[in-house]
Amino acid sequence: MSHRGLRTTCCRLSFPARPSHLGPCLAAPALAPQHLCPSSRLTPEATNTSTSGYRLALGLTLLRLALAPIVLAVSTATAAGPVIATVLAVGFLSDVFDGVVARHHGVATPGLRRLDSTVDTVFYLAIAYAVFRLHPAPVRALAWPIGIVLAGEALNYVAAYLVFKRGAGYHAWSAKVWGALLFAALLVLLASGSSALLPLALVAGIIAQADTLAITLVLPDWQSDVPSAWHAVRMRRDLRRRRTVERDARQVIP
């Protein structure tokens with residue numbers, strides 16, 4: 001293969017350059033999906049739209065953070081179950097639509113995704129505390145699986161900081177399934193006192209924690225929005241292939 005052919009091959013295998021029209025995108029890793037940071041050639045109108053979308057997505061995320069102390073305060077009141085169930089529904093909807101808004105406006109930056117994951121943890125820990133105060137019996141009956149999920153959450157934070165020096169924000173499919181089941185289980189428990197869905201949600205939580213840990217251990221560089229550990233394996237394999245081609249090119253091209 002000629003020198004020009006090798007250069008062409010390397011260029012085709014290179015990952016897209018990181019755009020810089022949004023501040024948080026500057027920190028995006030080279031492996032970040034291109035849709036996270038749109039092209040820098042934007043009109044003023046498009047820039048204003050992106051800024052408004054970013055603020056709206058950020059506001060929806062911070063809404064859950066603001067709801068957490070309200071949940072803690074209301075949990076001590078009489079007949080708090082329906083009120084906390086309503087707050088849970090509002091928080092869940094904000095969790096759904098902050099991502100929808102961010103993706104629609106092209107502002108789903110890694111920083112915003114990490115903040116979303118952290119706020120989710122704070123919000124649902126507050127909900128868990130309220131559930132324990134209002135319905136201690138079913139919580140005690142499921143102490144072991146609850147403990148495994150909480151230990152997995154802590155382990156994943158520690159592992160992500162040790163490996164990448166930042167928190168995990170993968171938003172994997174398993175985590176989304178767990179979030180939906182946990183929402184349904186807690187909503188039913190708070191509204192009616194039934195814990196029938198809670199064991200299923202905890203099983204999904206254990207699977208999600210294991211999937212998140214596997215992603216952290218396999219992923220070559222930090223990245224948001226990794227659907228599963230299998231996708232992390234593919235990313236690692238593609239990175240090795242790319243580095244091999246680039247190393248061979250450097251050896252041939254003077």
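Data overview
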| quantity | calculated |
| --- | --- |
| Sequence-distant residues sharing a close amide H with Leu142 (under 5 Å, placed H) | none |
| Ser52-Val100 pseudo-label distance in nm [points 7 Å out on the Cα-to-Cβ vector] | 1.8 |
| Cα-projected label distance for Arg250 with Ile207, points at 7 Å along beta-carbon direction, nm | 4.3 |
| Calculated from backbone phi, Karplus (6.51, -1.76, 1.60) coupling profile of the range 219-228 in Hz, x at Gly/Pro | 4, x, 9, 4, 7, 8, 6, 9, x, 6 |
| Coordinate range along principal axes, alpha carbons of the range 54-252, Å, largest first | 76, 38, 23 |
| Length-normalised contact order of the range 54-252 in % [C-alpha pairs under 8 Å, at least 6 apart] | 22 |
| At 1.306 mPa s and 10 °C, Stokes D of the range 136-254 from Kirkwood alpha-carbon radius, µm² per second | 98 |
| Net length gained if the chain between Arg236 and Leu93 were fully extended (0.36 nm per residue, minus Cα distance) | 48.1 nm |
| Among 233-239, 165-171, the order from most to least packed when residues are scored by Cβ within 10 Å on average | 165-171, 233-239 |
| From phi via Karplus (6.51, -1.76, 1.60), per-residue ³J(HN,Hα) for the range 172-181 in Hz, x at Gly/Pro | 5, 4, 4, 5, 5, 5, 4, x, 5, 5 |
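No lab work stands behind these numbers, since they all come straight from the coordinates. This one's a predicted model, so the numbers in the text were calculated from it and none came from an experiment. Neighbour counts run over all protein chains shown; Cβ positions are idealised from the backbone, glycine included.
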